[in-house]
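Read through the structure below, which is laid out as structure tokens, and then see the notes.
The values are calculated or read from the model by the stated rules, or taken from the named source; none is laboratory data. All figures in this text were calculated on a predicted structure; none of them were measured in a lab. Ideal geometry is used to build each Cβ from the backbone, glycine not excepted, and the neighbour counts take in all protein chains shown. Just the protein is used for accessible areas: all its heavy atoms, side chains included, with ligands, DNA and RNA removed. Shrake-Rupley method; radii C 1.70, N 1.55, O 1.52, S 1.80 Å.
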Amino acid sequence: MSDRNIKRYEDLLETIKTRRSTREFKPDAFPDEYIEMMLEAARWAPSGANSQPWSFIAVKDPEVRDRLFKAYVEINMDFIFWHEQQRRRELRHPAFQTDESDPEEALKKKQSRRQWRDAPVIIAVVCDGRKQWGTVLGAHTFSLHQPHLDTAEGNANLLIQLAATALGLSTQWVSIHIQEPFKEILGIPAPLVLQTLIPVGYAAAEGKAIREDLEGLVHYDRYDMSKHLDNRQMLERLEKLRGKTAAPYKVVI
């Protein structure tokens, strides 16, 4: 392998390892050309049969950004919060492992925090399920929303975030559970699916990445059953992971 290829790999790996999901942003603007640079990277994402089902809405207008955030905390977060209360506390999303005896008050407290409110740009990733009907994937069904549409969106989403990292910016991956309010705000027509929102800006707080050791994840030639977790071991792993991630979420969400 040439020194040039090694250097390219090292640069890529450094960008990957530097990327963080940021939940507090500075309101500082960044150059407009950075938006096009991030989206130029995104359009080269792989997709089934090269269907390229995505389009992107770059939101800079403060009023529109405020409306998106309001919809998120009042509608999307309300749904997530009460859904998570159905789980054992230790297995809830770390942001919703509440200590308060009054769940209503706990929800109001979370809704009052700034989170990604100050991000100067929000990129909405929109997918058109009709474009994937040209795919050559087996077991294809004619639905506007299929698993490999999610995969295509995920590929584009990740490239946006890596490009942002390379430009010195931070991002967050915001899942949308109830689409209608956001589609109405952004004027997205009915056949299209709003896959995610990506707030972009300069981080107001540094994050810390947690990754498992590579040794435990890699198998050669066959699956190594000595690395397999049974259901009880998996439950213990999940509880341990929640313990590591709960504190940072409680600070910023």
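Brief remarks follow.
- In this label model, Leu238 and Ala29 are separated by 4.6 nm, measuring between points 7 Å along each Cα→Cβ vector.
- Extension reserve of the Asp61-Asp150 stretch, reckoned as 0.36 nm per residue once the Cα distance is removed: 29.3 nm
- Whole-percent carbon and sulfur share, accessible surface of segment 1-65, 1.4 Å: 51 percent
- Distance from segment 6-33 to segment 199-235 (C-alpha centre basis), Å: 21 Å
- Lys227-Glu14 FRET efficiency (beta carbon distance; Förster radius 35 Å; 0.05 resolution): 0.80
- Taking every protein chain into account, the accessible area of the chain amounts to 60 square angstrom per residue (probe 1.4 Å).
- Between Arg113 and His177, full extension at 0.36 nm per residue minus the direct alpha carbon distance yields a gain of 21.1 nm.
- Dipole check for the chain: with +1 at the C-beta of Lys and Arg, -1 at the C-beta of Asp and Glu, and the Cα centre as origin, the magnitude is about 340 Debye.
- With the simple spin-label model, which puts each label point 7 Å out from Cα in the Cβ direction, the Val218 to Ala190 separation comes to 5.2 nm.
- Summing Lys and Arg as +1 and Asp and Glu as -1 over all other residues whose Cβ lies under 14 Å from the Cβ of Ala190 gives a net charge of -1.
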